[in-house]
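See structure below.
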Amino acid sequence: MKSKLRTADLVLVAMFAALMAIGANLTSFLVIGSVPITLQTLFSILAGALLGRRLGALAMIVYLLVGLVGFPVFAQFSGGLRTFVSPTFGFLLSFILVAYVTGLIIEKSKEKKLTTFLIACFAGLIINYVLGTHYMYFAFQFIANLDAVSYQVVWSWMAAPLVKDIIVTIFAAILSTRIYSTVNKSRGVVPQKIA
């Protein structure tokens with residue numbers, strides 16, 4: 001893959017950064033524990049699956065930087081440097097790795113079939129939960145000094161979002177297999193045929 005970004009690449013990166021902002025606030029009025037229910041996991045997985053590891057991760061970096069600068073693109077229309085001490089900041093960081101690993105698995109796979117996309121998308125979901133939930137526990141214990149919030153409590157808060165995220169991850173895998181070739185052709189990349 002060329003290191004030079006095409007116009008189509010820049011448009012897709014910007015589009016996925018915007019989709020993350022929309023997904024962050026579409027349903028974020030629902031909060032369980034300290035976890036807003038958003039569609040960010042869906043869009044970070046799709047970014048990796050459709051744009052590949054490099055552009056998918058770049059889209060997530062752009063989204064994160066836009067929010068850290070102060071634009072209200074994070075859940076519940078928040079933004080700014082105070083996000084660093086938010087219990088959910090780990091999820092924001094994880095989106096970069098989610099997109100990268102999802103894209104990497106698909107790019108390295110010889111056969112582009114639904115099974116490949118499912119494995120890649122669920123790998124992204126696992127990364128999102130492991131990094132995000134561990135950071136949230138760390139934030140409650142060491143930043144907020146809330147010893148009452150145990151490791152088990154933090155993971156129990158993730159049960160309801162997990163059901164939603166399993167469903168959207170399956171949706172992301174199916175959708176990706178259907179539009180992967182079209183997205184890559186628009187970027188001037190000749191994709192492998194999907195089985």
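Values quoted throughout were computed directly from the atomic coordinates according to the rules given, and no laboratory measurement underlies them. Fair warning: this is a prediction, and the values are worked out from it, not measured in the lab. Positions of Cβ are backbone-derived with ideal geometry, glycine not excepted, and every protein chain shown enters the neighbour counts.
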(request) With unit charges on the beta carbon (Lys/Arg positive, Asp/Glu negative), name the residue among 98, 172, 78 whose Cα is farthest towards the positive pole of the charge dipole of segment 45-195. (result) 172
(message) Among [x] 53, 33, 25; [y] 47, 33, 25; [z] 54, 35, 29, only one was calculated for this model; which label is it, if the read-out is Cα extents along the principal axes in Å?
(response) [x]
(request) Could you size up the charge dipole of the chain around its Cα centre, putting +1 on the beta carbon of Lys and Arg and -1 on that of Asp and Glu, and report it in debye to the nearest 20? (result) 940
(message) At a 10 angstrom cut-off on C-beta neighbours, averaged per residue, how do the peptides 110-116, 39-45, 49-55 rank from highest to lowest?
(response) 39-45, 49-55, 110-116
